[in-house]
Amino acid sequence: MDYRKRAEKLKRDLEHHNHRYYVLDDPEISDAEYDRLMRELQEIEAVHPEIRTPESPTQRVGGKPADEFGKAPHDPPMLSLGNCFSEGEFIEFDGRVKKGLSGAGGQGDLFASAAPNTYVAEPKLDGLAVEIIYENGVLVIGSTRGDGTTGEDVTANIRTVRNIPLNLAAVAKKGVKIPGRLAVRGEVVILKKDFERLNETRAAEGEPLFANPRNAAAGSLRQLDPAVTAKRPLKMFCYAPGRLEGGPATHFEFLEWLKSLGLPVGEYNRRCRDAAAVIAYYREMLDRRHLLRFDVDGTVVKVDSFALQRELGAVARAPRWATAFKFPPVQETTRVLDIVVQVGRTGAMTPVAVLEPVRVGGVEVSRATLHNQDEIDRKDVRVGDTVVIQRAGDVIPEVVKPIVEKRAGRERKFRMPDSCPECGATAERTEGEVVLRCPNPSCPAKLVEAIRHFASRRAMDIEGIGEKLAEQLVKKGLVRSAADLYGISRETWEGLDRFAEKSASNIALALEKSKGTTLKRFLFALGVRHVGEHIAGLVARYYGDIRAIMDATTADMQKIHGIGPEVAAEVEAHFKNARNRAVVEKLLAAGLSPEVEARAGTTLAGKTFVLTGALASMTRDHAKDEIEKRGGRVASAVSRKTDFVVAGSDAGSKLDKAQALGVKVLSEQDFAEMLK
Ligand code: IVH
């Protein structure tokens, strides 16, 4: 047979057997036979390298180590989910869904008649969210969620995930048409049994153990060397569409369609006719959570109909048509060995219980927060007590209550000190607040936290500067503010404890790279109280320049949609402080030039746009930027609140809906005119 034909057949067969083994868990051939086919294909490709395509089964582990990941935009953004922590809260969610669909002109009636398939309930997988994109059946991009709008391009790593097909043509059911483009989202996880085996191997090799399957999955997928990722037992389960053109009309059918295309979809997804059926599902899953093959921290409930999903839309960064219906936190008992005081970035002094280490929901816990003195008094927690602790998802473990019956009489009550345990300054309490704060601006504990925050991934992203290094820098007197990081010499870095030449040059590179950061990250990194990532983004976009932000008044800042008086006052106070201003000046002098995001004009202030179809002169992202720059907002679905729909070529249902609702439709020319 012609070697080309033979290679094509081998590729298809290998992909097929891979699917039988990793997706269906039902192999048709032995491992030895599979290896034989693989070797044959490798040999042909070695002789005829020109037929070696990226989607060849031999190329799963073919990628070279990268220096860094590229960016991968998500369109539409990958949203997060609102939460329900009890059955009562879920019933409220159900109420909001019904209300959202029954307004004047709404599709409440349709909703009622859409039963029996009101909701789809699924396990909430505990891993890392990713998006994979296929073009003509071939996997072309795999990316992490990142901040929802932009993730990291981890295609080479995604290819190594065995249950993700590289080529749908070989695995789709007969007669199922493969779409030209398919974007699918899901979770990359490690199954519990694989996790145990992975940690056993690591223990045997003297490698540090992973705390839990989620950390292991996330760490593995973000490896720069795909060969390392390939050795980790990652699996993906698909649960949502990315940009979807055509295809099924309901979520449940969408999942079935994915299965017929050969994509991995988890088990236990169930259509539920109403809220009561969802609650029954939830209780069943809660009962069986320990029997499942993956870690779950709750269920996810979604409105089944895509049309109704669109009708409901999203608020902030979460859809109104879905919710995470969480399981109650996992509890454990242990002993309080000591209570210590931790000083945070803002000087807040927090009592922390030092615990006899115990595993809670798969993670070893040795510290738990006690919040403040009032909480300690209310719960009556003492040093030496046996206590119940709990962990809910990602949040810091906390002490729930002492088990009073276990007291032996030697337990000791705890009182918060009057002064900062780190610098000795007299602690202060703001009127009406329970928190004690260290007021000393040069308190080393605050400084350590400030440096750590400044360098953290979502702030300046200076890899290599964590808690330990920040402590060392502060202790040695090398930094008095984050700005000093940029003045540390190569020799000084190399002279630090446990610092090799290599890491010194890595830090130098990371610092250099961070100089080109965005204004949003820069502002977030400064650690102004109440200014999280989201607020930083709003302020950065509005002012467009750090000096303008430093001089902004409370009154002016409140003009920004989403900024209240408290935050505005905090920002103004921060930059009125000469010390804080000096830190910014020093950073700018060091060569930081926080990318000036376009200044907010006001021509489109308060206007909501929906983009549909393809624009000839610009990408959607670009169009969105242009609108936002001028103070407008871009929504993903058309509703009565939409001011304009910009219709490019091949505009679809959004255009129909705009016309039905009487929303003004702009052609590309109209839109360009408006931007002028
Ligand atoms: S749907 C808007 N389905 O939960 C739709 N998400 O808190 C959002 N997750 O980032 C995603 N299991 O990482 C969906 N069956 C499931 C899920 C799930 C886990 C994660 C996902 C997401 C996070 C939101």
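The values are calculated or read from the model by the stated rules, or taken from the named source; none is laboratory data. Bear in mind that the values here come from a model prediction, so they are computed numbers and not experimental data. Virtual Cβ from ideal backbone geometry, glycine too; neighbours counted across all protein chains shown. Heads up: the accessible areas ignore ligands, DNA and RNA and are worked out on the full protein's heavy atoms, side chains in. Shrake-Rupley method; radii C 1.70, N 1.55, O 1.52, S 1.80 Å.
Comparison of SER419, SER456 shows that the only residue that is under 29 Å from the mean Cα position of the chain (by Cα) and either within 30 Å of THR299 (Cβ to Cβ) or surrounded by fewer than 19 Cβ atoms within 10 Å (Cβ to Cβ) (or both) is SER456. Put simply, of VAL184, VAL176 the only residue that is within 16 Å of the ligand (Cβ to nearest atom) and either touching a Cys at 6+ places or on another chain (Cβ under 8 Å) or in a loop (DSSP other than H, G, I, E, B) (or both) is VAL184.
Looking only at the stretch 200-251, filter to residues that are open to solvent by less than 20 Å² (accessible area, probe 1.4 Å) and in a loop (DSSP other than H, G, I, E, B); which one of those is modelled with the lowest pLDDT? Top of the filtered list is ASN212. For the stretch 204-218, the criterion of a residue being within 16 Å of the ligand (Cβ to nearest atom), among the small types (Gly, Ala, Ser) and touching a Lys or Arg at 6+ places or on another chain (Cβ under 6 Å) is satisfied by no position.
Taken together, the residues in the stretch 132-150 that are crowded, with 22+ Cβ neighbours inside 10 Å and within 15 Å of the ligand (Cβ to nearest atom) amount to 4. Give the residues of the stretch 422-452 that are open to solvent by 50 Å² or more (accessible area, probe 1.4 Å), under 31 Å from the mean Cα position of the chain (by Cα) and within 14 Å of ASN372 (Cα to Cα), sorted by residue number. The answer is none; no residue qualifies.
Counting only residues that are at pLDDT 90 or above and either open to solvent by 50 Å² or more (accessible area, probe 1.4 Å) or within 15 Å of the ligand (Cβ to nearest atom) (or both), the stretch 53-71 holds 1 of them.
When you look at LYS124, is it among the basic types (Lys, Arg), modelled with pLDDT of 90 or more and within 16 Å of the ligand (Cβ to nearest atom), yes or no? Spelling it out, LYS124 is indeed among the basic types (Lys, Arg), modelled with pLDDT of 90 or more and within 16 Å of the ligand (Cβ to nearest atom). What pairs can you find where one residue is in the stretch 575-591 and over 20 Å from SER514 (Cα atoms) and part of a helix (DSSP H, G or I), the other is open to solvent by 40 Å² or more (accessible area, probe 1.4 Å) and not small (Gly, Ala, Ser), and their Cβ atoms are less than 9 Å apart, with a gap of 6+ or different chains? Close Cβ pairs satisfying both conditions: PHE575/ASP551; PHE575/ARG581; ARG579/PRO441. Applying the condition of being under 28 Å from the mean Cα position of the chain (by Cα) and crowded, with 18+ Cβ neighbours inside 10 Å to the stretch 615-626 and asking which residue is modelled with the highest pLDDT yields ALA623. Selection of the stretch 320-331 for residues being within 11 Å of the ligand (Cβ to nearest atom) and either more than 30 Å from VAL400 (Cβ to Cβ) or not in a strand (DSSP E or B) (or both) yields ARG320, TRP321.
Only residues that are touching a helix residue (DSSP H, G or I) at 6+ places or on another chain (Cβ under 9 Å), more than 24 Å from PHE327 (Cα to Cα) and of a type in the set (Lys, Arg) were counted in the stretch 375-422, giving 3. The set of residues in the stretch 543-558 that are within 11 Å of PHE575 (Cβ to Cβ) and not in a helix (DSSP H, G or I) comprises ASP551, ALA552, THR553. ARG410 meets each of the listed conditions (1) open to solvent by 40 Å² or more (accessible area, probe 1.4 Å); (2) within 33 Å of the chain's Cα centre (by Cα) apart from (2). Candidates are the residues of the stretch 1-28 that are open to solvent by 50 Å² or more (accessible area, probe 1.4 Å) and among the hydrophobic types (A, V, I, L, M, F, W, C); the one that is modelled with the highest pLDDT is LEU24.
For the stretch 627-651, the set of residues classified as among the charged types (D, E, K, R) and over 26 Å from the mean Cα position of the chain (by Cα) consists of ARG630, ARG640, LYS641, ASP643, ASP650, listed by residue number.
The set of residues in the stretch 29-52 being surrounded by fewer than 16 Cβ atoms within 10 Å (Cβ to Cβ) and either among the charged types (D, E, K, R) or within 30 Å of GLU267 (Cβ to Cβ) (or both) consists of ILE29, SER30, ASP31, ALA32, GLU33, ASP35, ARG36, ARG39, GLU40, GLU43, GLU50. Among the residues of the stretch 340-349, some residue qualifies, meaning at least one is in a strand (DSSP E or B), away from the ligand (no atom under 16 Å from the Cβ) and surrounded by fewer than 17 Cβ atoms within 10 Å (Cβ to Cβ). The residue of the stretch 307-319 that is modelled with the highest pLDDT, among those that are open to solvent by 80 Å² or more (accessible area, probe 1.4 Å) and more than 10 Å from the ligand (Cβ to nearest atom), is ARG310.
Hey, can you tell me all the residues within the stretch 487-507 that are within 30 Å of GLY537 (Cα to Cα) and open to solvent by less than 40 Å² (accessible area, probe 1.4 Å)? Answer for the stretch 487-507, where residues must be within 30 Å of GLY537 (Cα to Cα) and open to solvent by less than 40 Å² (accessible area, probe 1.4 Å): ILE488, ILE507.
What number of residues within the stretch 631-676 are in a loop (DSSP other than H, G, I, E, B), open to solvent by less than 50 Å² (accessible area, probe 1.4 Å) and out of contact with any strand residue (DSSP E or B) (no Cβ under 9 Å at 6 or more places or on another chain)? Number of matching residues: 1.
Using the structure shown, decide if LYS302 is open to solvent by 10 Å² or more (accessible area, probe 1.4 Å) and within 30 Å of GLY137 (Cβ to Cβ). Yes, satisfied. Among residues that are touching a residue at least 40 places away in the same chain (Cβ under 8 Å) and open to solvent by 30 Å² or more (accessible area, probe 1.4 Å), GLU364 is included.
Picking from residues in the stretch 252-298 that are part of a loop (DSSP other than H, G, I, E, B), within 13 Å of the ligand (Cβ to nearest atom) and among the hydrophobic types (A, V, I, L, M, F, W, C), the one that is nearest to ARG185 (Cα to Cα) is PHE294.
Scanning the stretch 293-336 for residues that are among the polar types (S, T, N, Q) and over 18 Å from the mean Cα position of the chain (by Cα) yields SER305, GLN309, GLN331, THR333, THR334. Condition check: in contact (Cβ under 8 Å) with a residue 40 or more places away in the chain and hydrophobic (A, V, I, L, M, F, W, C). Does LEU538 satisfy that? In short, no. If the condition is being without any contact (Cβ under 8 Å) to a residue 12 or more places away in the chain and of a type in the set (S, T, N, Q), then the stretch 600-652 contributes only THR619. Residues considered: THR603, THR553, THR608. Of these, the only one that is among the β-branched types (Val, Ile, Thr), open to solvent by 40 Å² or more (accessible area, probe 1.4 Å) and under 30 Å from PHE644 (Cβ atoms) is THR603.
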